DNA sequence: CTGAAAGCGCTTACAG
DNA sequence: CTGAAAGCGCTTACAG
C-alpha cells in the first residue's frame, strides 16, 4: 500500500518556516509567537498533517506504551484488570499492548523478549500457572524496564506487586459465617501451591481459631482449579457426611455456585441449612438464587493501581531503587446466601 | 531513568564489521556467511544486544501493531474477541494495542486520532452505542489504514465487516422451539435501532411465517439493553397474560436466564411448560438450571477472522480497492431449557 | 560475501 | 521569537 504522508518539512516549506519552529509550535512551546502557532495549526489542519509518532518516539526514545501479560484475556477477572489499566493509561496518555501467555512459561518468556526491544516502557504481569522461575523478568529488570505484578505474583523475587489482602478477606468471610450462627464451617479451597489460595485457607483457619472452633479435617477440601465441576464434586462429598457443615467458605464463586446448586437439588435449604460465601464477586454471584455473599476483589481498581504505580516509575527521573507492594482493600458483599 | 543500550554500532565495532553486515546477519539474510552469522549471534548474546525496534519500525515505517477499539473490555463477548485477535496477531508477529471507547463517541473519535499517527497499521473496531456517523473512520480510510469492523458495524458505510448470521441464527433457534412442540412462541428482543437485534427479530418472525404461526403482538417485547433486569420485567408481563406462551426466543442469555428464574419462582416448569432459548453462549448458560439452549456466536473465531482479514490487507502490496464482509457461522447449542 | 553512505522524520541544544 | 545543524539507531540500494 502506498501511503504518502505530509511531514514536518512539507509544512515548513509551505509556511516558509523552519521545521524546528513547526515542531515547537505544535508542542505549544512557550517562546513561539501566538501568531505563528495559529498559522501552523491552521496549515496542519489544512494539509491533514499529523506528526509521525514513530519518528517522535524514536527521537525521544519514549513510546508511551505499556505492555500487559495475562494468562488469558477472556477470564473475567483479567478483563476487569485490563479495563482498569487501560482507563488509567488512557488518561495518562499511554497506550496498552496486551499479550496472553496462556499459562505457558515458554510463551510468557518469548513475550518478555518481544517487550525487551523497548517498545514498552514498562510491563504489568500476572504470572502463568507454570511460572516458578523468573529469569525472563530479571532480564527486563536489568534493562531498567519497570515491572508491576498483580494477583499471581512471584515469590522470593523482589518486585512491585499489587495484591489484595487474601488472608484478611478470608478471615472476615469466615467470621461472617460464624456471626450468622454457623457452627461447623467447611472450606472449598484452591491449590495450596498458589499463594493467594493458601492465604485464603490460612484466613479461614485463623477465624476458626479466634472463635475457638475446632478445625475438622473432613470439612476442608482443596481443588485443583476451583472449577465449577470440582465444586460440585466437593459439595457431594460434604453432602454425604454423617454430620454436614452448616456453612461453607469457598475460595471462589464458581465452586460456591455449584455447591449451592448441588445442595438445592438435594433439598438442602440455602442459607437456612447451609450458608455459603464465595470469593471474587463474579457476575454470576448476583444471578444465582439465592444471590451469593462474596468478596469483592476490586479487579478494576487493581488494574488502575498497577498502571498508576508503573507509570509513576516510568516517569521517575532517577533510577528506581525500591519496590512497592500495594494491597487493595476488599469488601465483603453480604447477600442472601448467608443471610439468616 | 538512565538506560544505555548496546546498539548495532557497538556490536559492529566489537567485531570489526560494518553495521550493515550485523543487521543482515541478525536478519539471517542469504548472502552473509554462516561463520559471520554465528559470530554475530554469539556476540549479540554476550553483550545482551537486542535490536531497538522503534528505530527499526521507524526506518521501515512498519510497527507491526494493530489497534483495537471496543466499547468495554470487561464485557465477556469482547474479551473473547480480543483473545482471538491477540492469538492470531501473536502468531503473525503483530502486537495488539487496545482502547475502550466506553460507548462514548467523543472518546472513540479521540482514539482514532491517536491511531492516525501510524502507530497502528490497521484497526479493528466494534462501534460504541452512540456512534451513528463515521467521519472519524473516514479519516483513517483516507490515510489508507485498513479497518475491520465486527459485531456493531456501520450501516451505509462501505467497510470490512465480520458479522454473524443473526437472521438465520434466530430463525433456527425459533424453528427449534417449533420442532420441540411449542405453539405460541414469545420473543424478548433488543433495541430495534441496532442492526443485529433487528435481524434476530426478523429471523424469529420468518420462522413463525414459515410454519404458519400467527405473530401475536403481546408476545413480542423489546428491551433497551437486554439486561438481566429488563428480562425479569418482560417475563413477569408474559406470566400475567391470560394465555401464556409455551416457548420464548430471547435475543441474549441474560434475559433468558432471568426469565427462567422468574418462571421458576412462579412454579412454571422449564422446559415442560415454557421452553427457552437464548443467544450468545455466555458462561452463565451452562450454569443456570436447567442449562440454557443458546446460539454460540463464536466470539473467539470472530476475533481470529478480524485479525486475519486485517493483517492480510496490511500486507497487501497494492492499494486495497475492495471491502469484505465475512459471516461467521453460528451453532445452536441445544441444552435442557428446550429439551422435551 | 561485505562495506560506506544516505536517509527515515522528528527533537533539541546551541546560536542569534 | 526563530533557525541551522546534528543525530537518534536502524535499513537498504548501490558498489565492489
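The numbers here are math on the coordinates, done by the rules we state, and not lab data. From a predicted model like this one, the values you see are computed outputs, not experimental measurements. For neighbour counting, all protein chains shown are included, and Cβ atoms are generated from backbone atoms with ideal geometry for every residue, glycine included.
Calculated on C-alpha atoms, the gyration radius of the range A:216-340 divided by its Kirkwood radius gives an Rg/Rh of 1.16. Label-point spacing for residue B:30 across the identical copies (point 7 Å from Cα in the Cβ direction), in nm and ascending order: 6.1. Relative to its Kirkwood radius, the Cα radius of gyration of the range A:8-51 gives an Rg/Rh of 0.90. As a proxy for reagent exposure, ranking B:338, B:104 by other Cβ atoms within 10 Å from fewest up yields B:104, B:338. So how tilted is helix A:195-210 from the main axis of chain A? Cα-based, degrees 0 to 90, rounded to 10. It works out to around 40 degrees.
Classification of the range B:209-283 by its C-alpha gyration tensor yields a rounded form. The axis ratio a/c (a ≥ b ≥ c) stays under 1.5.
Computed on the range A:8-51, with alpha-carbon pairs under 8 angstrom and 6+ residues apart, the relative contact order is 34 percent. Note: relative contact order over chain A, using C-alpha pairs below 8 Å and six or more positions apart, is 17 percent. For the range B:168-209, the Kirkwood radius over C-alpha pairs fed into Stokes-Einstein at 10 °C and 1.306 mPa s yields D = 154 µm² per second. Compared with the dominant Cα axis of chain A, that is its longest principal axis, helix A:34-47 is turned about 80°.
Using only the C-alpha atoms, the convex hull of the range B:81-125 corresponds to 66 Å³ per residue. Classify the range B:31-113: rounded, prolate or oblate, from the alpha-carbon gyration tensor (a ≥ b ≥ c, eigenvalue square roots; a/c under 1.5 rounded; otherwise prolate if a/b is larger than b/c)? Taking the square roots of the gyration eigenvalues as a ≥ b ≥ c, the range B:31-113 is prolate.
Calculate log10 I(q)/I(0) of the range A:81-165 for q = 0.18, 0.19, 0.23 Å⁻¹, where I(q) comes from the Debye formula with a single equal point scatterer on each Cα and nothing for solvent. Debye curve over Cα of the range A:81-165, log10 I(q)/I(0) at q = 0.18, 0.19, 0.23 Å⁻¹: -0.79, -0.89, -1.31. Highest mobility in the GNM of chain B, judged by mean-square fluctuation with C-alpha springs under 10 Å and restricted to B:154, B:214, B:245, is found for B:214.
Helix B:76-91 and the longest principal axis of the Cα set of chain B meet at an angle near 30°. Taking chain A as a Gaussian network, Cα atoms linked when under 10 Å apart, which of A:180, A:257, A:153 shows the biggest mean-square fluctuation? Maximum fluctuation in the GNM of chain A, among the listed residues, is at A:180.
Ranked from shortest, the separations from the 7 Å Cα-to-Cβ label point of residue B:289 to its equivalents in the other copies are 1.2 nm. Across the alpha-carbon atoms of chain B, the computed radius of gyration and Dmax are 26.3, 92 angstrom. With a 10 Å cut-off between alpha carbons and a GNM built on chain A, which of A:287, A:321, A:164 moves the most? Of the options given, A:321 has the highest mean-square fluctuation.
For residue B:236, inter-copy separations between label points set 7 Å beyond Cα along the Cβ vector come to 3.8 nm, shortest first. Panel order for B:33, B:191, by other beta carbons found within 10 Å of each beta carbon, from fewest to most: B:33, B:191.
The convex hull drawn around the Cα atoms of the range B:152-280, when projected onto a plane and averaged over every direction, covers 7.7 nm². Shape analysis of the range B:189-237 yields a ratio of the Cα radius of gyration to the Kirkwood radius, Rg/Rh, of 1.00. The range A:251-294 and the range B:280-313 have Cα centres separated by 26 Å. Computed as a quarter of the hull surface, the mean projected area of the alpha carbon convex hull for the range B:153-227 stands at 5.8 nm². Exposure proxy ranking for A:65, A:194, based on other Cβ atoms within 10 angstrom of each Cβ and starting from the fewest, stands as A:194, A:65. Temperature 25 °C, viscosity 0.890 mPa s: under these conditions the Stokes-Einstein estimate for the protein assembly as shown, based on its Kirkwood radius over C-alpha pairs, is 88 µm² per second.
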